[in-house]
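A quick write-up on the structure given underneath.
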Amino acid sequence: MAIMGRPATPWHFWVVSILALIWNGFGAFDYLMTQTRNEAYMSAFTPEQLDYFYAFPWWMEALWAIGVWFALLGAVLLLLRSRFAVYGFVLGLVGLAGSSAYQFINPAPEGVLDGTGLIMTVVIWISQILLLLYALAMSRRRVLR
């Protein structure tokens, strides 16, 4: 039932919101483990890959942080049914664009942007674009306030 002219929240909204929170939470976890150089987590990478990750310039680190944390904020705001979720996802995509550009311009060691690494990058892009489009749709339907 709608309350004061507000449409009822569709069931899929909760599914998408929770999945967005989990997905972007993993991105935040990955960022934190890499930034803190967590030995157990980073042991999955080769020494060449670690050198590549640890040599990112400050501006790449900043763009990566913007991408990760604003995407997570977008997911939290979506779950809270805030129209500002759209802005979180937009800023997350800005950070993703910058960090992706760096990774494609600067030669990465084997395994970073080939095979599984490339597939993961494509999946991240698709998921973030779809989350933005979903938030826009929910905003237009007045599910977000």
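The values are calculated or read from the model by the stated rules, or taken from the named source; none is laboratory data. Just so you know, these numbers come straight off a predicted model, no measurement behind them. Using ideal geometry, Cβ is built from the backbone for each residue, glycine included, and neighbour counts are taken over all protein chains shown. Side chains are part of the model used for accessible areas, which takes the heavy atoms of the whole protein and leaves out ligands, DNA and RNA. Shrake-Rupley method; radii C 1.70, N 1.55, O 1.52, S 1.80 Å.
Of note:
- Restricting attention to region 115-145, the residues that are part of a helix (DSSP H, G or I), touching a residue at least 24 places away in the same chain (Cβ under 8 Å) and not aromatic (Phe, Trp, Tyr) add up to 10.
- Subset tally (residues that are over 15 Å from residue 19 (Cα atoms), of a type in the set (Phe, Trp, Tyr) and within 10 Å of the chain's Cα centre (by Cα)) for region 52-99: 3
- Among the residues making up region 50-68, those that are part of a loop (DSSP other than H, G, I, E, B) and under 20 Å from residue 93 (Cα atoms) are 56, 57.
- Taken over region 86-114, the residue count meeting the criterion of being of a type outside the set (A, V, I, L, M, F, W, C) and in a helix (DSSP H, G or I) is 9.
- Scope region 73-109; condition open to solvent by 50 Å² or more (accessible area, probe 1.4 Å) and touching a Gly at 6+ places or on another chain (Cβ under 7 Å); matching residues: 73
- Counted residues, region 11-46 - those being over 30 Å from residue 83 (Cβ atoms) and either at pLDDT below 95 or among the acidic types (Asp, Glu) (or both): 4
- Each residue in region 53-72 was checked for being small (Gly, Ala, Ser), under 15 Å from residue 102 (Cβ atoms) and surrounded by 16 or more Cβ atoms within 10 Å (Cβ to Cβ), and 1 pass.
- Some residue of region 43-52 being open to solvent by 50 Å² or more (accessible area, probe 1.4 Å), closer than 30 Å to residue 107 by Cα and among the small types (Gly, Ala, Ser): yes
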